[in-house]
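Asker: What follows is a structure written as structure tokens; I'll ask about it next.
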Amino acid sequence: MHRYGLKKMEPRSCDTFVALPPTTVDNRIIFGKNSDRPCDEVQEVVYFPAAVHDNLKEHLKCTYIEIDQVPETYAVVLSRPAWLWGAEMGANEHGVCIGNEAVWGREEVCDEEALLGMDLVRLGLERADTAEKALNVIVDLLEKYGQGGNCSEGRMVFSYHNSFLIADRNEAWILETAGKYWAAEKVQEGVRNISNQLSITTKIDREHPDMRNYAKQKGWWDGKKEFDFAATYSYLDTAKMMTSSGRYCEGYKLLNKHKGNITFETMMEILRDKPSGINMEGEFLTTASMVSILPQDSNLPCIHFFTGTPHPERSVFKPFVFAPNISQLSDTSSPTFEPEYSVKKKPHFNIKPDRRHPLYQKHQEALEILDSKEEKAKTMLDNMRKLEKELFKEMESILQNKHLDVDKIVNLFPQCTKDEIRIYKSNFSS
């Protein structure tokens with residue numbers, strides 16, 4: 001039991017992927033993530049415009065703590081558990097994408113409230129216009145404020161260190177942490193994935209200046225043999241890491257299976273894969289999914305697809321493209337309940353409010369039909385896939401023809417969401 005009488009939650013996590021040329025088609029970087037979270041947690045898709053912050057004396061309120069604000073923040077689109085400030089995954093207007101994972105190892109997880117890994121995802125997106133700059137933002141904040149706090153709403157304790165996959169139009173970075181210590185690996189081609197384990201071994205491109213000394217002091221490394229971050233800071237046998245039956249290994253196999261032909265649709269298929277465990281079910285399940293197309297040609301827009309609902313195989317990936325004056329994403333925004341359900345109160349969330357947004361509610365009703373009425377289920381799934389295929393075709397046309405109708409783009413995601421809800425409603429009434 002936890003000091004507030006809360007129940008400790010068993011470790012689970014997510015899966016994040018990136019594929020870079022030459023493994024992809026048309027010189028694109030493809031990013032993807034499944035967010036695996038408690039099965040009753042609602043994830044919303046929200047947009048925050050770019051902003052200038054004149055009064056830097058005003059602190060920024062993150063999930064648990066306040067930190068210094070910066071003069072300017074970039075526009076971001078986020079998929080996040082509706083109760084917190086940060087995000088599980090998201091993108092910014094400069095084509096930077098970040099997803100995080102829960103990781104555990106030898107370094108004890110801090111019980112004190114600090115920045116959540118999910119806060120660091122959002123802060124990296126708001127403050128950096130390249131992947132490496134986002135890495136700099138995250139490690140600087142990690143050094144200054146630390147990471148810690150309960151990552152679950154309600155009477156469950158779910159705390160962990162974090163790893164991050166950060167991508168932009170040109171490259172990707174893997175950043176893995178243990179308390180304030182960290183290692184980073186640059187990825188410039190091929191495929192890479194992260195799951196709920198440390199995965200950086202001997203290829204370390206950047207690191208915390210005291211990371212090796214700390215490992216020596218703790219007796220985890222003798223200072224003589226080649227330094228292996230994952231082997232040193234966790235209990236992994238890294239020699240067997242790529243041959244185990246875990247999700248990290250299974251995800252890598254799925255990426256490798258499609259090498260040379262990976263598209264955004266391939267990434268969605270991987271996120272929908274159940275035999276591998278990537279598409280998770282049970283007490284922890286895939287509560288939301290994201291796939292992004294990051295063209296290396298800067299004249300082309302980045303396109304970000306979000307479900308905003310659980311069960312990716314029974315959800316619709318809807319596109320979002322950054323443009324001025326984006327319409328509010330009201331159908332995927334959860335109601336707010338401050339201050340009576342404030343995260344600042346301890347113990348947190350004795351009563352969990354209903355955070356379901358309009359899309360989530362209709363999707364839940366649709367799942368009941370999919371589980372119980374075979375004929376209606378087939379019609380509904382056919383209509384969902386038809387909508388998705390039309391959207392994919394439209395987005396591919398934008399990328400091939402290099403033509404963007406800005407007036408349409410500002411309403412793109414909200415309109416797609418309404419079209420999805422319409423499919424569900426038509427099956428309720430028929």
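The values are calculated or read from the model by the stated rules, or taken from the named source; none is laboratory data. Since we're looking at a predicted model, the values are computed, not measured. Don't worry about glycine lacking a Cβ; one is built from the backbone with ideal geometry, like all the others, and counts go over all protein chains shown. Protein only, heavy atoms only, side chains kept; ligands, DNA and RNA dropped before computing areas. Shrake-Rupley method; radii C 1.70, N 1.55, O 1.52, S 1.80 Å.
Asker: Multiply the residue separation of ARG385 and LYS402 by 0.36 nm, subtract the distance between their alpha-carbon atoms, and state the gained length in nm to one decimal.
Answerer: 3.6 nm
Asker: Sort 176-185, 99-108 by the packing proxy (mean of other Cβ within 10 Å over each peptide's residues), most packed first.
Answerer: 176-185, 99-108
Asker: Taking a point 7 angstrom from the Cα of ASP111 along the C-beta vector, which residues in region 144-180 have backbone N less than 16 Å away?
Answerer: 148-151, 156-160
Asker: Would you mind calculating the relative contact order of region 362-428 from Cα pairs under 8 angstrom and at least 6 residues apart, reporting the percent as a whole number?
Answerer: This gives 55 percent for region 362-428.
Asker: Please work out how much length the chain gains when fully extended from LYS274 to LYS393, using 0.36 nm per residue of separation minus the C-alpha to C-alpha distance, in nm with one decimal.
Answerer: Full extension from LYS274 to LYS393 adds 40.3 nm.
Asker: First select every other residue whose beta carbon is under 12 angstrom from the beta carbon of THR379; then total the charges, Lys and Arg +1, Asp and Glu -1.
Answerer: Result for the neighbourhood of THR379: +2.
Asker: If you put +1 on each Lys and Arg Cβ and -1 on each Asp and Glu Cβ, how big is the dipole of the chain around its Cα centre, in Debye rounded to 20?
Answerer: 640 debye
Asker: Tally up the carbon and sulfur contribution to the accessible surface of the chain as a whole percent, 1.4 Å probe, everything protein left in place.
Answerer: For the chain, the apolar C and S fraction of the accessible surface comes to 47 percent.
Asker: What's the angle, to the nearest 10 degrees (0 to 90), between helix 247-257's Cα axis and the longest principal axis of the chain?
Answerer: Around 60 degrees separate the two axes.
Asker: Here's another thing I want to ask about it. If r is the Cβ-Cβ distance from LYS133 to ASN299 and R0 is 30 Å, what FRET efficiency results, to the nearest 0.05?
Answerer: The value I calculate is 0.85.
Asker: Right, something else. If you count the DSSP beta bridges with both ends in the chain, what percent of them are antiparallel, to the nearest 5?
Answerer: 95 percent
Asker: Also, quick follow-up: Can you give me the C-alpha center-to-center distance between region 38-65 and region 395-430, rounded to a whole angstrom?
Answerer: First find each Cα centre; the distance between them is then 26 Å.
Asker: Counting C-alpha atoms alone, how compact is region 362-428: give Rg to one decimal and Dmax as a whole number, in angstrom.
Answerer: Both quantities, over Cα of region 362-428: 14.4, 44 Å.
Asker: Count neighbours as other Cβ atoms within 10 Å of each site's Cβ, and list the trypsin sites (Lys or Arg not before Pro) in region 192-284 that are DSSP loop with at most 15 such neighbours.
Answerer: Listed in order of number, the matching sites are LYS203, LYS224, LYS225, LYS259.
Asker: What is the projected area of the convex hull of the Cα atoms of the chain, averaged over all directions, in nm²?
Answerer: That works out to 21.0 nm².
Asker: A follow-up question, please. Any idea of GLU112's accessible area? Nearest 10 Å², probe 1.4 Å.
Answerer: It works out to around 110 Å².
Asker: Beyond 14 Å, what share of the Cα-Cα pairs of region 172-213 is found? Please give it as a whole percent.
Answerer: 45 percent
Asker: With the dipole of the chain worked out from charges on the C-beta (+1 for Lys and Arg, -1 for Asp and Glu) around the Cα centre, which of VAL187, ASN92, LEU404 lies farthest toward the positive end?
Answerer: VAL187
Asker: Using only Cα atoms, locate the centre of region 159-173 and the centre of region 198-235, then give the distance between them in Å, rounded to an integer.
Answerer: A separation of 19 Å, based on Cα centres.
Asker: Taking the simple approach of a point 7 Å from Cα along Cα-to-Cβ for both ASP237 and ILE369, what is their distance in nm?
Answerer: 5.1 nm
Asker: Over the Cα atoms of region 71-158, how large are the radius of gyration and the largest Cα-Cα distance (Dmax), in Å?
Answerer: When restricted to the Cα atoms of region 71-158, Rg and Dmax are 13.1, 38 Å.
Asker: Once every DSSP H run of n ≥ 4 in the chain is given -39500 (n - 2.57) and the sum is divided by its residues, what mean residue ellipticity at 222 nm do you get, rounded to the nearest 500 deg cm²/dmol?
Answerer: Helix contribution divided over all residues of the chain: -9000 deg cm²/dmol.
Asker: For the ranges 315-327, 72-84, 365-377, what's the packing order if you count other beta-carbon atoms within 10 Å of each residue, average per peptide, and put the highest first?
Answerer: 72-84, 315-327, 365-377
Asker: What is the log10 of I(q)/I(0) for region 116-263, computed with the Debye formula using one identical point scatterer on each Cα and no solvent, at q = 0.12, 0.16 Å⁻¹?
Answerer: The calculated log intensity ratios at q = 0.12, 0.16 Å⁻¹ are -0.55, -0.98.
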